[in-house]
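The values are calculated or read from the model by the stated rules, or taken from the named source; none is laboratory data. The structure presented is a predicted model; accordingly, all values stated were derived computationally and were not measured. Quick reminder, even Gly has a Cβ in these numbers, built from the backbone with ideal geometry, and neighbours come from all protein chains shown. Surface areas here come from the heavy atoms of the whole protein model, side chains and all, with no ligands, DNA or RNA. Shrake-Rupley method; radii C 1.70, N 1.55, O 1.52, S 1.80 Å.
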Amino acid sequence: MVKEMTPYERAIAAIQNEPVDELASSPLALALCRRLMPEQITYKEWATNPTYCAESFAKGAEYWKLPYTVTLIDLSITASTLGAHVRMDTENTPFVDDHIIHSMEDYEKIQCPDVTKGRTGNLIEMNRELAPLIKGKSFNIAFLEGPLLTLTQAGGAERLFMDMFTDPAPVHKALEQTTQLCLNTCEKIAETGAEGFCWDYLWGNYSCLGDPEYAEFEGDKYAKKCNEKTRELGMGLGIHNCADLPHLDTQVKQFGVDMYSMAYYPLIPGSPTAAETIEKGYADDCLIMGNIDPQLFVRATEEKITKVTQDLCQEVKTALCKKGLNSRYCISSGCEVPPDLETKIENVTAVQNAVHKYGLM
């Protein structure tokens, strides 16, 4: 029996596959944290004010005793810095509503911007303000969209996937620039005190791209540069892929990551469960995070989500035991806990309480 750990001690132990008192548990309650603030903060205010954002992440880490704090705001930040227009509603997730790619020539016009300006600058500042607030309390994982996701958000995914095959050269030129944007941002965030990076390489999944296509347009060159830069800066290396049928061999084993955040889609044949992911060796050298359905935080009763968490804990503990592993799994939501006003804060609490009871190791 391992003595009771602090969330931070549990975070480090789980990454290193050391014995833990209980499974690590960090649902991705991100913008939802704004509702823990003493003053009422809208989503728009949260997403655009680095101080509000940092303070709310710190509130969430303390309120739910989160071993890991992943600083995802939304997936339009780097696209905005490239010049795409982002719609900012008062209480909805920001999203791109006017892309910058309308012809093949537009790919050639993309240049790496000054990452200290605009929303990327806000992201850097937020990480700078957050780091001292959670130091030694919650493992600080900075989140950033990868090169291909940045380009699809800025230019439009449907168009870009067609252009990849009809005229790939301009697409590659643009990817060189979005990669530089990512590298420059990574360097700036590394100076803030963040301890790891979580790259969103969303398109590494078989629903969108096969292995050769993913290798050409991200894996072999552009993501590789981001991964190498992360290591060069002394940061932990993580990946979030909330899409179905992820390229686990590439993104976990080939990339050699420390942490992999993934979702599970039970209605899609071949979608890997937590047990399958562990038993097939993907947790041998990597902390796996997942995979409670995010919609349960909106729709489920506390009793229902408690039962789901209990079942996941048992599944994970059994699989870890079969593989002779101590701890390389973190109970989490498969993607962001919906930030809607209808989302039940008590369901995040129910997950944490269930892990305290059923995740004992």
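To the nearest 0.05, how large is the calculated FRET efficiency for residue 173 and residue 87 if R₀ is 25 Å and r is the Cβ-Cβ distance? If you can, show how the numbers build up before the last one.
Details: r = 28 Å, r/R0 = 1.11.
Efficiency for this residue pair is about 0.35.
Could you size up the charge dipole of the chain around its Cα centre, putting +1 on the beta carbon of Lys and Arg and -1 on that of Asp and Glu, and report it in debye to the nearest 20? Write out the running numbers ahead of the final one.
Details: 33 positive and 52 negative charges, 188 e Å.
It comes to approximately 900 debye.
Starting from 0 in steps of 5 Å, tell me what percent of the Cα-Cα pairs of the stretch 234-361 lands in each bin.
Whole-percent P(r) values from 0 Å outward: 2, 11, 21, 22, 20, 14, 7, 2, 0.
If I model a spin label as a point 7 Å beyond the Cα along the Cα-Cβ vector, how far apart are those points for residue 346 and residue 314 in nm?
In this crude label model, residue 346 to residue 314 measures out at 2.5 nm.
Just the number, please: carbon plus sulfur as a percent of the accessible area of the stretch 97-138, 1.4 Å probe, no ligands or DNA/RNA counted. Mind dumping the intermediate values first?
On the way: 1110 of 2210 Å².
Heavy-atom surface of the stretch 97-138 belonging to carbon and sulfur, 1.4 Å probe: 50 percent.
What 222 nm value per residue comes from the helices of the chain, counting each DSSP H run with n ≥ 4 as -39,500 (n - 2.57) and dividing by all residues, nearest 500 deg cm²/dmol? The partial results should precede the final answer.
Values: 15 runs with 162 residues, N = 361.
Counting only the DSSP helices, I get -13500 deg cm²/dmol.
Leaving out same-chain residues fewer than 8 places away, which lysines sit with a Cα under 17 Å from that of residue 224?
173, 253
Before I look further, what does the stretch 151-202 give for accessible area per residue, probe 1.4 Å, in whole square angstrom?
Working: 1810 Å² over 52 residues.
Value returned for the stretch 151-202: 35 Å² of accessible area per residue.
Averaged over every viewing direction, what's the projected area of the C-alpha convex hull for the chain? Give it in nm², one decimal, please. It would help to have the intermediate numbers written out before the result.
Details: hull surface 65.2 nm².
Mean shadow area of the hull around the Cα atoms is 16.3 nm².
Using a 1.4 angstrom probe on heavy atoms only, work out the carbon and sulfur share of the accessible area of the stretch 214-361 in %. Spell out each step's value before the answer.
Numbers: 3050 of 6020 Å².
The C+S portion of the solvent-accessible surface of the stretch 214-361 is 51 percent.
Quick check: pseudo-label points 7 Å beyond the Cα along Cα→Cβ at residue 280 and residue 321, how many nm apart are they?
Distance between label points: 2.4 nm.
Would you list which lysines come within 21 Å of residue 135, measuring only between C-alpha atoms, while excluding same-chain residues fewer than 8 positions from it?
List returned: 59, 65, 188.
Suppose every K and R has +1 on its Cβ and every D and E has -1 on its Cβ; what is the size of the dipole of the stretch 142-236 about the Cα centre, in Debye to the nearest 20? Before the final figure, lay out each step's value.
Values: 8 positive and 16 negative charges, 37 e Å.
The calculated dipole for the stretch 142-236 is roughly 180 debye.
Could you give the length gained by full extension between residue 231 and residue 187, i.e. 0.36 nm per residue of separation minus their alpha carbon distance, to one decimal place? Kindly include the intermediate steps, with their values, before the conclusion.
Working: separation 44, 0.36 × 44 = 15.84 nm, distance 1.11 nm.
Working it through step by step, the gained length comes to 14.7 nm.
Between residue 2 and residue 267, what length comes free when the chain is fully extended (0.36 nm per residue of separation minus the Cα-Cα distance, one decimal in nm)?
91.6 nm
Based on the Cβ-Cβ distance from residue 307 to residue 165, what FRET efficiency comes out when R0 is 51 Å, to the nearest 0.05?
Details: r = 46 Å, r/R0 = 0.89.
The value I calculate is 0.65.
Considering only 277, 266, 337, whose Cα is most displaced toward the positive end of the charge dipole of the stretch 243-361, charges sitting on Cβ of Lys, Arg (+1) and Asp, Glu (-1)?
277
Mind checking which lysines have their C-alpha under 17 Å from residue 322, skipping anything on the same chain fewer than 8 residues away?
List returned: 280.
On a full-extension model of 0.36 nm per residue, what is the gain between residue 224 and residue 106, subtracting their alpha-carbon distance, rounded to one decimal in nm? Intermediate values should be presented prior to the final figure.
Numbers: separation 118, 0.36 × 118 = 42.48 nm, distance 2.51 nm.
Additional length available on full extension: 40.0 nm.
How big is the dipole moment of the stretch 242-361 about its Cα centre under a simple scheme where the beta carbon of each Lys and Arg is +1, that of each Asp and Glu is -1, and everything else is neutral? Debye, nearest 20, please.
Values: 11 positive and 16 negative charges, 75 e Å.
Computed charge dipole of the stretch 242-361: roughly 360 debye.
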